[in-house]
Amino acid sequence: MSTYSNVKFLTSAAEPHQLAPDLGKEIAFAGRSNSGKSTAINAITQRAGLARVSRTPGRTQLINFFEVSAERRLVDLPGYGFAKVPERVRIHWLQLMEHYFNVRESLVGLILIVDSRRGLGTQDAGMLEWVLARDRFAHVLLTKADKLNRRDAQRVLRETAAACSDTSVTVQLFSAHAKEGFDEARAVLDRWLN
């Protein structure tokens, strides 16, 4: 059984002072709205409903902390992109995430969720630059890989790896529906948290 099957919700933060204590190690999950971020978290942890899944982009509006074990956390960040929210809410999310990345000493790495049908976008590249500037690890999950044929999936994987070749960023294909890439993703989490 996965060590992630015992993950439990810890707390949510809408403001910087509400962030979980900055102790131990944590891994953040980020991605565009509708990239499959919550679905990927649930699949990796084998916990349906741990992270809220919705057909409405932008459902994750808080920074959600999940406890893996004592002082080991997974962090679900608000999605960015085309979520239909007021501009003031979008600005607040940006400020909260900027604060999070700038102050969290316990942050060891970022799992960047990218829809494999769309590929790495400008905002995704910016997110990688942000985390790499803080000397943290980064790993790209190319989600919804089951929606592509094998040739196109491999092409997207090659193109994304090439785009990240000047960095330490690693890349993989992932599909919650086809149960593809779970072990590889968990191995990354294990390496970073231990």
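The values are calculated or read from the model by the stated rules, or taken from the named source; none is laboratory data. Fair warning: this is a prediction, and the values are worked out from it, not measured in the lab. Here the Cβ positions follow ideal geometry from the backbone for every residue, glycine too, while neighbour counts run over all protein chains shown.
Couple of notes before you dig in:
- Close contacts from region 21-45, counting a first residue that is over 19 Å from W192 (Cβ atoms) and a second that is among the aromatic types (F, W, Y), with Cβ to Cβ under 8 Å and a gap of 6+ residues or different chains, come to R32/Y80; R32/F82; S33/Y80; S33/F82; N34/F82.
- Of all residues in region 55-62, at least one satisfies being surrounded by fewer than 16 Cβ atoms within 10 Å (Cβ to Cβ) and either modelled with pLDDT under 85 or touching a His at 6+ places or on another chain (Cβ under 6 Å) (or both).
- Sole exception among (1) out of contact with any helix residue (DSSP H, G or I) (no Cβ under 8 Å at 6 or more places or on another chain); (2) closer than 26 Å to A125 by Cα; (3) at pLDDT below 90 for M1, by number: (2)
- Against the list (1) within 17 Å of the chain's Cα centre (by Cα); (2) part of a loop (DSSP other than H, G, I, E, B), the condition A40 fails is (2).
- Just one of (1) in contact with a Leu (Cβ under 9 Å, 6 or more places away or on another chain); (2) closer than 20 Å to S38 by Cβ fails for L107. It is (1).
- All conditions but one from (1) modelled with pLDDT under 95; (2) aliphatic (A, V, I, L, M); (3) over 22 Å from S33 (Cβ atoms) apply to A161; the one that does not is (1).
- If only residues of region 82-104 that are in contact with a Lys or Arg (Cβ under 8 Å, 6 or more places away or on another chain) and crowded, with 16+ Cβ neighbours inside 10 Å are counted, the one that is modelled with the highest pLDDT is F101.
- Scanning region 155-184 for residues being surrounded by fewer than 20 Cβ atoms within 10 Å (Cβ to Cβ), among the hydrophobic types (A, V, I, L, M, F, W, C) and under 27 Å from E71 (Cβ atoms) gives a total of 1.
- Residues of region 1-26 that turn out to be surrounded by 15 or more Cβ atoms within 10 Å (Cβ to Cβ) and in contact with a His (Cβ under 9 Å, 6 or more places away or on another chain), as a count: 1
- Among the residues of region 161-182, some residue qualifies, meaning at least one is touching a strand residue (DSSP E or B) at 6+ places or on another chain (Cβ under 6 Å) and in contact (Cβ under 8 Å) with a residue 60 or more places away in the chain.
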